[in-house]
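Contents: one structure, followed by commentary.
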Amino acid sequence: MMDYYIGLMSGTSLDGADGVLVVFEGDKLRVLAAATEAFSDAFHAELLALNTPTDNELHRAALAGNQIAAVYAKVVAALLAQAAKQDISPLDIKAIGAHGQTVRHQPQRSSNEPAGAGYTLQLNNPALLAELTGITVAADFRSRDVAAGGQGAPLVPAFHQGVFGREDATVCVLNLGGISNLSVLPKAAASPVLGFDCGPGNALMDAWCRQHTGQPYDAGGAWAASGKLLPALLDSLLAEPYFSQPIPKSTGRDLFSLDWLASKLQLFAGERPEDIQNTLAEFTARACILGVEAYGKGSGSLIVCGGGAFNSHLLARLQAGLPSLRVSTSDQHGLPPLQVEAAAFAWLARQLVLGRPGNLPSVTGARGLRVLGALYPA
């Protein structure tokens, strides 16, 4: 029996929404169609503003949630147009898994905090998305894990295990979105799957590039490669206490914001922008390398997905820092880099529909397995 699901993802890079139509045959997933819808510059700026306290932000957040739903609906329409060519109708789609846009992520940091101290907030309007598409929507995947004392992130390691895990070898999977997160997939289930946020992925590099070149990102890392490393700045960036915290842990723009970067750059005002970009790329790579070195021992490979998989300079810095591992991109393992996260949310939607857990306590620190998300019927 074949079950069809759609997965939607808009990550911390704030560049747009990615979607995939997948089919499950048993527990095996196959991508049938993919689509992307870019955010306008004005909407990108609004989402960035909503990552920090602003005037009238409740009203603005509600309107942004509506706009996210409208963007998602366009992605779904593009997927359904491709599906029609394969004789798949909207009635065949069991559910859409829609992550929403994270603008606050403040999970409970320790057991000493009062109950309810943690929360996570994704802008979305799943009811509107169900109305616009006529398809059941699964959303709000992180909240239940946070309510159970977990970090609520990352949620993709269980999916990574199913897609990239191997019986004969330990594998590390690195998602380079706005924030970077690492999954450690042990061979033959010899030990629990691990996963955590390493630190910044593309977020700081993209912001610096946009500010100084007008481009949304540093294509291929060419601008970073044209600069030189500033060791003192790198040391200052790596001194952030987050990197010495034990897992489970997660982070976001709440910490690694433009204000955070500005505070680190106060002593480097005269440096060339391309040298700072080079150092930000090295910072991103080092943060990921630290994670692999601490928790990925025994792995012979690092599979990279997300938008950062197209930054050849960053991949080269990862390979240089991890000479004993083979660094490759996820398309060499059956799933293109920009489809992995969206496919994960199709998988999470299916888990919810089937009443199966979507989290891994070994990753998030939750008190146990939980069914994640809420359903909005068609």
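If you go through region 120-135 one residue at a time, do you hit one that is of a type in the set (Val, Ile, Thr) and in contact with a His (Cβ under 8 Å, 6 or more places away or on another chain)?
Taking every residue of region 120-135 in turn, at least one turns out to be of a type in the set (Val, Ile, Thr) and in contact with a His (Cβ under 8 Å, 6 or more places away or on another chain).
Just to be sure, is LEU280 outside the structural domain of GLN161 (by TED's automatic domain parsing), under 30 Å from GLY100 (Cβ atoms) and either among the hydrophobic types (A, V, I, L, M, F, W, C) or at pLDDT below 95 (or both)? Quick ask: steps written out before the conclusion?
Values: outside the structural domain of GLN161 (by TED's automatic domain parsing): no; under 30 Å from GLY100 (Cβ atoms): yes; either among the hydrophobic types (A, V, I, L, M, F, W, C) or at pLDDT below 95 (or both): yes.
For LEU280, the condition - outside the structural domain of GLN161 (by TED's automatic domain parsing), under 30 Å from GLY100 (Cβ atoms) and either among the hydrophobic types (A, V, I, L, M, F, W, C) or at pLDDT below 95 (or both) - is not met.
Look through region 6-37, keep the residues that are small (Gly, Ala, Ser) and in a strand (DSSP E or B), and return whichever of them is surrounded by the most Cβ atoms within 10 Å (Cβ to Cβ). Even if it seems obvious, please write down each step before you answer.
Going through region 6-37, the residues small (Gly, Ala, Ser) turn out to be 7, 10-11, 13, 16-17, 19, 26, 33-35.
Okay, now just the ones that are also in a strand (DSSP E or B), so 7, 16-17, 19, 33-35.
Details: GLY7: 32, GLY16: 19, ALA17: 24, GLY19: 30, ALA33: 20, ALA34: 20, ALA35: 21.
The selected residue is GLY7.
If I ask for residues that are farther than 24 Å from MET9 by Cβ and of a type outside the set (Gly, Ala, Ser), which ones from region 176-207 would you list?
Taking region 176-207 and keeping what is farther than 24 Å from MET9 by Cβ, we get 186-192.
If the condition is that a residue be farther than 24 Å from MET9 by Cβ and of a type outside the set (Gly, Ala, Ser), then PRO186, LYS187, PRO192 are the ones that fit.
With the checklist (1) more than 19 Å from the chain's Cα centre (by Cα); (2) at pLDDT 95 or above in hand, flag the one item ALA189 doesn't pass.
The number of the failed condition is (2).
For GLY252, only one of the following conditions fails: (1) surrounded by fewer than 16 Cβ atoms within 10 Å (Cβ to Cβ); (2) modelled with pLDDT under 95; (3) not charged (D, E, K, R). What is its number?
Exception for GLY252: condition (1).
Applying the selection to region 39-62, what residues are within 30 Å of SER89 (Cα to Cα) and in a helix (DSSP H, G or I)?
Taking region 39-62 as the starting set, the residues that turn out to be within 30 Å of SER89 (Cα to Cα) are 39-40.
The answer is none; no residue qualifies.
Which one is surrounded by the most Cβ atoms within 10 Å (Cβ to Cβ) among residues in region 63-91 that are out of contact with any strand residue (DSSP E or B) (no Cβ under 6 Å at 6 or more places or on another chain), assigned to a helix (DSSP H, G or I) and polar (S, T, N, Q)?
GLN67
Against the condition hydroxyl-bearing (Ser, Thr, Tyr) and touching a strand residue (DSSP E or B) at 6+ places or on another chain (Cβ under 8 Å), how does THR279 come out, does it pass? Steps first, please.
Numbers: hydroxyl-bearing (Ser, Thr, Tyr): yes; touching a strand residue (DSSP E or B) at 6+ places or on another chain (Cβ under 8 Å): no.
When the stated conditions are applied, THR279 does not pass them.
Here is a list: PRO231, PRO241, PRO248. Which entry is in contact (Cβ under 8 Å) with a residue 24 or more places away in the chain and either within 30 Å of ALA366 (Cα to Cα) or not aromatic (Phe, Trp, Tyr) (or both)? Break it down into steps so the answer makes sense when it comes.
Numbers: PRO231 fails: in contact (Cβ under 8 Å) with a residue 24 or more places away in the chain; PRO241 fails: in contact (Cβ under 8 Å) with a residue 24 or more places away in the chain.
It is PRO248.
The values are calculated or read from the model by the stated rules, or taken from the named source; none is laboratory data. Note that this is a predicted model, so its numbers are computed, not measured. Positions of Cβ are generated from backbone atoms using ideal geometry, with glycine treated the same way; all protein chains shown enter the neighbour counts.
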